[in-house]
2 protein chains.
Amino acid sequence: MSNKELDQLRQQVDEMNLDLLKLINERARLVQEIGKVKEKQGVNRYDPVRERKMLDLIKDQNDGPFEHSTVEHIFKEIFKAGLELQKDDHRKALLV
Amino acid sequence: MSNKELDQLRQQVDEMNLDLLKLINERARLVQEIGKVKEKQGVNRYDPVRERKMLDLIKDQNDGPFEHSTVEHIFKEIFKAGLELQKDDHRKALLV
């Protein structure tokens with residue numbers, strides 16, 4: 001009976017996945033820019049204080065249904081991926 | 001000198017984080033609805049074929065800078081969190 005309902009919900013999830021993908025990659029490009037600015041300034045890429053501030057702001061705005069700990073976990077993975085990207089850019093810059 | 005530049009980029013990242021948070025929680029609400037429909041149908045919540053299809057669609061649309069493997073890793077964490085949410089809802093329903 002509700003297979004149509006399920007299909008519709010799934011289609012919405014698929015669309016939302018692609019919106020998420022777009023945002024995640026946009027964020028990654030910004031993080032690459034930040035990496036370049038920091039590189040010029042000779043500043044360390046990993047900044048735990050800045051990471052904590054970002055997480056505090058995110059948790060402050062989180063009204064669920066995901067709990068703070070879940071949101072924090074997902075964002076830490078996104079932060080880690082961004083940092084890896086900056087490291088890759090740095091390695092590539094050294095190889096030029 | 002470019003501290004202003006860095007601050008501006010960081011502000012953009014903060015805004016993007018909150019957009020991401022909103023989308024992640026919207027997705028979670030949809031996944032909760034899907035869980036309820038499946039519960040009524042007596043279908044198993046975890047569906048590896050559906051998960052694979054979602055990932056294929058996401059990777060198909062991924063144009064970086066994140067690599068497919070990174071995107072897949074992040075989305076798997078989001079999927080896992082959604083599944084946990086459905087399980088929690090199920091437990092709460094049993095306790096009523």
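The values are calculated or read from the model by the stated rules, or taken from the named source; none is laboratory data. The model shown is predicted, which means the values in this text are computed figures rather than measured ones. No Cβ is skipped: glycine too gets one built from the backbone with ideal geometry, and neighbour counts run over all protein chains shown.
The table below lists the values:
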| item | result |
| --- | --- |
| Selection status of A:GLU15, surrounded by fewer than 17 Cβ atoms within 10 Å (Cβ to Cβ) and at the interface with chain B (Cβ under 7 Å from one of its Cβ atoms) | no |
| Lone qualifier among B:ARG45, B:ARG27 - being surrounded by 14 or more Cβ atoms within 10 Å (Cβ to Cβ), at the interface with chain A (Cβ under 7 Å from one of its Cβ atoms) and of a type in the set (Lys, Arg) | B:ARG27 |
| B:LYS87 vs. criteria among the charged types (D, E, K, R), closer than 25 Å to A:LYS76 by Cβ and surrounded by fewer than 17 Cβ atoms within 10 Å (Cβ to Cβ) | yes |
| Residue match in region B:61-70 (condition: loosely packed, with under 15 Cβ neighbours inside 10 Å, at the interface with chain A (Cβ under 7 Å from one of its Cβ atoms), modelled with pLDDT of 95 or more and under 17 Å from A:GLN12 (Cα atoms)) | yes |
